[in-house]
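Nothing in this text is a laboratory measurement; each read-out follows from the coordinates by a stated rule. Note that the structure is a prediction, hence the values are computed from the model and not measured. Every residue, glycine among them, receives a Cβ derived from its backbone with ideal geometry; neighbour counts consider all protein chains shown.
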Amino acid sequence: MSESTAPILAAEGLSKRFPITRGFLRQQTKQLRAVEDVSFTVRPGETLCIVGESGCGKSTLGRLVLRLLEPSAGRILIEGTDVTHLGPAALRPFRQRVQMVFQDPFASLNPRLTAGEIVTEPLENYTPLTPAARREKAADLLSHVGLRADLMDRRPFEFSGGQRQRLGIARALSLRPRLIVADEPVSALDVSVQAQVLNLLLDLQAEFGLAYLFISHDLGVVEHVADRIAVMYLGRIVELADRDALFAAPAHPYTEALLAAAPLPDPRARRTRPILEGEVPSAIDPPSGCAFHPRCPIAVARCREETPKLRPLADGRLAACHLR
Ligand code: SF4
């Protein structure tokens, strides 16, 4: 693989299990399997979307690759270096290359700081820039995200939701990362503002060659930004495919059901795919075999006993289903 196409991020067999404890002695009784044996890569300049219902483990996965959570198993490689077990000092250069945009722009911004201080806080921690140089940089960052430099001395409560998310994006950009992990970055915003923020993310990607690991439950949003899509169900990736291939002909029955559940642009149009029924099962007691089998319209006996592996299909996509 040439250097230019080498992945910025690679996850190899990542798992995260949380112990469930009981009683005064906090004895572990069970485990919650939030992420199970997940592997993927993110290449320079691409957007890999992680999509799935609430509770499927997609946000935990984002926190694992940022090293905000310790994995129970597996490896995280950033630009080819294994960072899975690096301590805080050794991790510093990698923290600069991978930044995060959070779901709730208000909760993620320090209310005591001004906009200028917020967007340059990482520069204070990671670079020797003087206060004057940081202020100049703040004006530049604000203009890149469509905010006027004269708003620099205002505090977060003086901004609208969309403007606050722009501040969060400017802060994430300040160290010139190569990858941004964006966890539901527009789901807390008004619909009218969502498209503006998504278009801003796409413009910044083109300008800076950014890669995104974009986490969302919203297929409309994912269709707008994705190059490739990984569909998660109960902690596992069940399908990983190019966006157009996935939307044109989903391979996994769960992907089919997710697409069927998405709102139709034309209210008179009729659905041609079965709607998903039932709730996501508990990650503490996941179903045996294929975890999707209690909800799958085409399940067979084998599905209750054997967990399907994620394997390549004829068109190059990956899917985990015994029948595909
Ligand atoms: Fe459905 Fe079986 Fe495929 Fe799972 S393995 S998605 S239960 S057909």
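Structure data summary
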| read-out | value |
| --- | --- |
| Positive-end extreme of charge dipole, the chain - chosen from Gly235, Ser282, His217 (charges on Cβ) | Ser282 |
| Neighbour-count order for Glu36, Glu207, fewest beta carbons within 10 angstrom listed first | Glu207, Glu36 |
| Cβ-based net charge around Asn125, under 14 Å, with every Lys or Arg adding one and every Asp or Glu removing one | +2 |
| Cα-Cα separations in segment 52-125 greater than 20 Å, expressed as whole percent | 45 percent |
| Derived scalar couplings ³J(HN,Hα) [segment 284-294; Karplus, 6.51 cos²θ - 1.76 cosθ + 1.60; whole Hz; x for Gly, Pro] | 7, 10, x, x, 5, x, 6, 4, 8, 4, x |
| DSSP beta bridges in the chain [antiparallel fraction, %, rounded to 5] | 60 percent |
| Segment Ala314-Asp150, extension gain: residue separation times 0.36 nm, minus the distance between their alpha carbons | 53.5 nm |
| J(HN,Hα) series, segment 69-79, from Karplus relation 6.51 cos²θ - 1.76 cosθ + 1.60, nearest Hz, glycine and proline x | 10, 8, x, 7, 7, x, 10, 10, 10, 10, 6 |
| Amide H contacts under 5 Å for Val238, placed H, 5+ residues apart | Val231, Met232, Tyr233 |
| Taking Lys58, Lys30, Lys16, Lys309 and counting other C-beta atoms within 10 Å, the order from fewest to most | Lys309, Lys30, Lys16, Lys58 |
| Gaussian network model of the chain, springs between alpha carbon atoms under 10 Å - residue of Thr41, Thr255, Thr130 with greatest fluctuation | Thr130 |
| Peptide ranges 20-28, 278-286 listed from the most packed, as the mean C-beta count within 10 angstrom indicates | 278-286, 20-28 |
| Taking only Cα atoms of segment 1-146, radius of gyration then Dmax in Å | 18.6, 56 |
| Descending principal axes extents, segment 158-236, alpha-carbon based, whole Å | 39, 28, 20 |
| GNM flexibility winner over the chain from Asn125, Asn110, Asn199 (Cα, springs under 10 Å) | Asn125 |
| Percent of Cα-Cα distances greater than 17 Å, calculated over segment 38-81 | 36 percent |
| GNM flexibility winner over the chain from Leu310, Leu201, Leu86 (Cα, springs under 10 Å) | Leu86 |
| Taking the C-alpha atoms of the chain, convex hull volume expressed per residue in Å³ | 166 Å³ |
| Whole-Å distance, taken between Cα centres, linking segment 157-193 and segment 43-86 | 20 Å |
| Mean separation of Cα contacts under 8 Å, 6 or more apart, over the residue count of the chain: relative contact order % | 20 percent |
| Long-range amide H partners of Cys49 with built H, under 5 Å | Phe214, Asp227, Arg228, Ile229, Ala230 |
